[in-house]
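The structure appears below as structure tokens.
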Amino acid sequence: KRKNELTFLNGIDVYYYRSDLLRDYKADSIIDFKDYENNGNWYLFLDEAHKGETGSSHIQDYISIISRNGFLFNFSATFTDEIDYITTLYNFNLEKFVTSGYGKNIFIPPSSFKFTTTEDELDSREKNLQVMKSLLSLTLIKKSKTDGYYHNPLMVVLVNSINTETSDLLMFFTEIEKIAIGKTDDSLFTEAKEELYEDLKRGGYIFSCNDFDNNSTHFRRDNILNISKKDVLQYIFNAKTTGKIELIGGEANKEIALKLTTSDKPFGLIKIGDADKFKKEKLGSNYISYKAVMNRRFFRGINHKDSSFNILFGSRSFYEGWDSNRPNVMNFINIGGREAKKFVLQAL
């Protein structure tokens, strides 16, 4: 109808809709692409165009059909299919972004997590060692932070499973708890520092600015060896001494803040889809738990430069659609499968 009304005095109508609601049938909010096919004469702009597997995604087919005689402009941070590479007009992906002087230098350590679901003593020690290395990485960055830094360093933990029998989130939480209450022996602490030192010494920068120096005055890898357990408590847990973890409820069924009994400020935030279930079934009644004053929503203020949160736990809700300049350490726990490549790049 609008097309028939157009004259030279009219502007151009722009319509928008969620591409994931395109189908070949009608229902509530779902629209049938055939009703808007328009002989394929659409100029179409598609955001987050990486979604769906080329060759098997019906939605990608519908989009191609309705723009076949017009023009389809896709954009995404994580194109991985050959057709997308071939038809790329301008490349400003993660590598180009970082090497152009934006963002942060990205380092992947040579040694990686081995977060298996077994519970033997050797495997438990390996988990504790890897989590300690992550905390040491963040401690090194926070301790090296000087006045004038544009952000407040943060560690992000992205897990694959939450409320399953072998919950990745619970496994990571358990290791954090061991460190918080002081169950990490001196030999493991020393080993973690030495392993991290060797990781940085061997290198692993995949993207970095041309003028970046691994041993710059702001970030000397030698300083790892001088970090103490007290440093970890201060810079990660906001505490001077070890203590038990307390749970603070934030946004209903979405947030659990973590605080040590020996501190007055929370250090960690669990932001997930079913927080009540995780709290009840995985954490149980072993923790002091209370509600934040005035039903506070912690996540809303996590990007603030004065935020006390040093660790953010989450799952797939963080791998796109949330922007922050804070993360310096990112852990991907058992992230695998066909979407892993897109997941990691989107998260970064």
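The values are calculated or read from the model by the stated rules, or taken from the named source; none is laboratory data. Computed from a predicted structure; not experimentally measured. Counting neighbours? That spans all protein chains shown, and the Cβs are built from the backbone with ideal geometry, glycine included. Side chains included, ligands, DNA and RNA excluded: accessible areas come from the protein's heavy atoms. Shrake-Rupley method; radii C 1.70, N 1.55, O 1.52, S 1.80 Å.
A few points about this structure:
- Subset of region 224-248 [in contact with a Leu (Cβ under 6 Å, 6 or more places away or on another chain) and surrounded by fewer than 19 Cβ atoms within 10 Å (Cβ to Cβ)]: Gly243
Matching residues to (1) under 15 Å from Ile311 (Cβ atoms); (2) touching a residue at least 60 places away in the same chain (Cβ under 8 Å):
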residue: Tyr235; (1), (2): yes, yes
residue: Lys240; (1), (2): no, no
residue: Leu247; (1), (2): yes, no
residue: Thr261; (1), (2): no, no
residue: Asp264; (1), (2): no, no
residue: Phe267; (1), (2): yes, no
residue: Lys271; (1), (2): yes, no
residue: Asp274; (1), (2): no, yes
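- Taken together, the residues in region 1-50 that are exposed (fewer than 12 other Cβ atoms within 10 Å of the Cβ) and out of contact with any Phe, Trp or Tyr (no Cβ under 7 Å at 6 or more places or on another chain) amount to 26.
- Pairs meeting the criteria (first residue in region 64-83 and touching a residue at least 60 places away in the same chain (Cβ under 8 Å), second residue in a loop (DSSP other than H, G, I, E, B) and not charged (D, E, K, R), beta carbons under 8 Å, at least 6 apart or on different chains) are Ala77/His50; Ala77/Asn93; Thr78/His50; Thr78/Asn93; Thr80/His50.
- Filter result for Asn310 (under 21 Å from Ile236 (Cβ atoms) and open to solvent by 60 Å² or more (accessible area, probe 1.4 Å)): no
- Exactly one residue among Ile206, Ile270 is assigned to a strand (DSSP E or B), in contact with a strand residue (DSSP E or B) (Cβ under 9 Å, 6 or more places away or on another chain) and open to solvent by 70 Å² or more (accessible area, probe 1.4 Å), and that residue is Ile206.
- Test: residue in region 164-179 that is in a loop (DSSP other than H, G, I, E, B) and charged (D, E, K, R): yes
- Selection from region 82-115 of residues that are open to solvent by 80 Å² or more (accessible area, probe 1.4 Å) and either of a type in the set (A, V, I, L, M) or on the phi > 0 side of the Ramachandran plot (or both): Ile83, Ile86, Leu89, Ile108
- Considering region 305-326, and only residues there that are in contact with a helix residue (DSSP H, G or I) (Cβ under 8 Å, 6 or more places away or on another chain) and assigned to a loop (DSSP other than H, G, I, E, B), the residue that is farthest from Ala340 (Cα to Cα) turns out to be Ser307.
- Taking each residue of region 131-142 that is closer than 12 Å to Asp231 by Cβ and looking for partners that are among the small types (Gly, Ala, Ser) with beta-carbon atoms closer than 7 Å, six or more apart or interchain, yields Leu136/Ala192.
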